[in-house]
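See structure below.
The values are calculated or read from the model by the stated rules, or taken from the named source; none is laboratory data. Predicted, not measured: the structure shown is a model, and the values here were computed from it. Backbone-built Cβ (ideal geometry, glycine too); neighbour counts: all protein chains shown. Areas reflect the complete protein model, heavy atoms only, side chains present, ligands, DNA and RNA absent. Shrake-Rupley method; radii C 1.70, N 1.55, O 1.52, S 1.80 Å.
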Amino acid sequence: MAAAMAWLRRGACGPARRCGLAAGRSYSGGGAYPSVSLTCPLPGVPKAVFAAAESRERFETRVTVLENGLRVASQNKFGQFCTVGVLVNSGSRHEAKYLSGISHFLEKLAFSSTAQFGSKDEILLTLEKHGGICDCQASRDTIMYAVSADARGLDTVVNLLADVTLQPRLSDEEIEMTRMAIRFELEDLNMRPDPEPLLTEMIHAAAFRDNTVGLNRFCPVENTDKIDRAVLHSYLSSYYTPDRMVLAGVGIEHEHLVECARKYLLGVEPVWGSGQGRAVDRSVAQYTGGIIKVEKDMSDVSLGPTPIPELTHIMIGLESCSFLEDDFIPFAVLNMMMGGGGSFSAGGPGKGMFTRLYLNVLNRHHWMYNATSYHHSYEDTGLLCIHASADPKQVREMVEIITREFILMAGAVEEVELERAKTQLKSMLMMNLESRPVIFEDVGRQVLATNTRKLPHELCDLISQVKPSDIKRVVTKMLHKKPAVAALGDLTDLPTYEHIQAALSSKDGRLPRLYRLFR
């Protein structure tokens, strides 16, 4: 007993323990293993420092508002690289008082010559020293200038971003090159096999006719020669003001970002002057519903050894809600529950093979080439729509199948499919937020709209709280609105807008019957 107590007092690293571990063990060459315990510190080796779970506060989004109204937002993230950018509350929805297409021009002109940098090549060479890349994206309500680079080059990156947004030269040569690029893009848009970008434009134009998010995101061909430096400066003076901007960063210290913002974005005179431009368009989106049809020969869209068959594309949408409303989360779950895709998709539940548009549409109707649900949400409205493609001779049947799916949304929701949709939405959210540029965009857009940011765990909690009754409530409200319809291709057999509206107002989603004496 005394011997046992002595062994315990010596502890795990005592000589008795060491001898026991090494006893009877030897190398294949005959030499004995050294009697070293893995639980004891090794002589001459520094003590290990283990990672520990840090407080959640360290990873919350921090926001500082500068004296000129500019918001600076940051999110800490482990890693050597950072993503920093400027988001502007500006886009095609604000072009009602201007020539349509200005945002498209600004997107193409981004990161061209500035007051400090003589050309785009000079900007790229400057970023290259810090392993950096740059990009600009313009949407209906936001223009985003972003740079990903080594975090040690933050001072250079913020200086560059300030110059790009407030001091662009907009030379005649650059504007002419932009005109050529836009004309080429518009031609490509009408020739590409995938009609989704064109249909998205059409459904927005039908849903919000001639207002806000219904205005064209792409520059019309007739406006390419009309937009010049004077037009651009007039627009920039109204919308590129500090109170409409957010400097967002991911992977950097907040204090350092604020310091750089004060240095390069506070008290800077923009190249277009400090004079007040036209009044900012604060119009609220007005949902109108309606139909836009484009008759087009789609038989030669994709020629070659395996040509894509001629298809007619239909998109039917209804107004949902803005991303600021509580119903935004139930709509996001509903969109995930509808899911869908192309008839050539393959995979398991992660690819949406158990969503309604797969089970009820693509799996049952072999002639349907596509059935996909989309949800577009803005600060004052939203649009839930379904895109479907099929042979021109089966357009009427395809439309009825889609209207029926809209009506079935308001029916019973099984617990299993709801839980699957919620789990898939949370999974997609968390996987996307593994990417630093996606976190940057999320931080920037949320702070631009609300001055704060909901963290992923908060969004996951809200998703978990969605009940079948929430889905039924938002769908019932949605079905009381007029539909928006976009149709592209051979539209000979397309039902009238009034018949589509009648189908969405019926109990079973069926189109009114047609009676013909001759077929």
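Within 30 Å of Met202 (Cα to Cα) and either among the β-branched types (Val, Ile, Thr) or modelled with pLDDT under 95 (or both): is that true of Val466 in this structure?
Considered against the rule, which asks whether it is within 30 Å of Met202 (Cα to Cα) and either among the β-branched types (Val, Ile, Thr) or modelled with pLDDT under 95 (or both), Val466 comes out as no.
Read through the list (1) part of a loop (DSSP other than H, G, I, E, B); (2) among the charged types (D, E, K, R); (3) touching a Leu at 6+ places or on another chain (Cβ under 9 Å), then give the number of the only condition that Asp210 fails.
(3)
How do the pairs read when you match residues in the stretch 476-489 that are among the polar types (S, T, N, Q) with residues anywhere that are open to solvent by 10 Å² or more (accessible area, probe 1.4 Å), using Cβ under 6 Å and keeping only pairs 6 or more apart or on different chains?
As it stands, the answer is Thr476/Ala410, since those pairs meet every condition given.
Does the stretch 338-348 contain any residue that is touching a His at 6+ places or on another chain (Cβ under 7 Å) and at pLDDT 95 or above?
No, the stretch 338-348 has no match at all.
Among the residues that make up the stretch 114-131, is at least one of them within 22 Å of Pro242 (Cβ to Cβ), of a type in the set (A, V, I, L, M) and not assigned by the TED database to the domain that holds His376?
Yes, the conditions are met somewhere in the stretch 114-131.
Arg140 - would you say it is among the basic types (Lys, Arg), assigned to a loop (DSSP other than H, G, I, E, B) and within 20 Å of the chain's Cα centre (by Cα)?
Judged against the criteria, Arg140 is a match.
Could you tell me whether Gly153 is within 24 Å of Glu441 (Cβ to Cβ), touching a His at 6+ places or on another chain (Cβ under 6 Å) and of a type in the set (Gly, Ala, Ser)?
In short, yes.
Out of Leu199, Leu189, Leu160, report the one residue that is within 27 Å of the chain's Cα centre (by Cα), modelled with pLDDT under 95, not polar (S, T, N, Q) and not in a loop (DSSP other than H, G, I, E, B).
The match here is Leu189.
Would you call Asn432 of a type outside the set (D, E, K, R), open to solvent by 20 Å² or more (accessible area, probe 1.4 Å), within 30 Å of Asn89 (Cα to Cα) and under 13 Å from the mean Cα position of the chain (by Cα)?
For Asn432, the condition - of a type outside the set (D, E, K, R), open to solvent by 20 Å² or more (accessible area, probe 1.4 Å), within 30 Å of Asn89 (Cα to Cα) and under 13 Å from the mean Cα position of the chain (by Cα) - is met.
Please count how many residues of the stretch 110-135 are in a helix (DSSP H, G or I) and open to solvent by 10 Å² or more (accessible area, probe 1.4 Å).
7
Would you point out the residue of the stretch 462-512, among those that are assigned to a helix (DSSP H, G or I) and hydroxyl-bearing (Ser, Thr, Tyr), that is most open to solvent (accessible area, probe 1.4 Å)?
Ranking the qualifying residues of the stretch 462-512, first place goes to Ser505.
Is it the case that Val164 is buried (at least 22 other Cβ atoms within 10 Å of the Cβ) and touching a helix residue (DSSP H, G or I) at 6+ places or on another chain (Cβ under 7 Å)?
no
Mind checking which residues of the stretch 59-96 are in a strand (DSSP E or B) and open to solvent by 30 Å² or more (accessible area, probe 1.4 Å)?
The answer is Arg62, Val63, Thr64, Val65, Phe81.
If you go through the stretch 435-461 one residue at a time, how many are touching a residue at least 24 places away in the same chain (Cβ under 8 Å), open to solvent by 60 Å² or more (accessible area, probe 1.4 Å) and farther than 18 Å from Ser74 by Cα?
So the count comes out to 0.
Do we find that Asn363 is within 30 Å of Glu60 (Cβ to Cβ) and open to solvent by 60 Å² or more (accessible area, probe 1.4 Å) in this structure?
no
Tally the residues that are of a type outside the set (Lys, Arg) and without any contact (Cβ under 8 Å) to a residue 12 or more places away in the chain, restricting the search to the stretch 270-285.
The total comes to 1.
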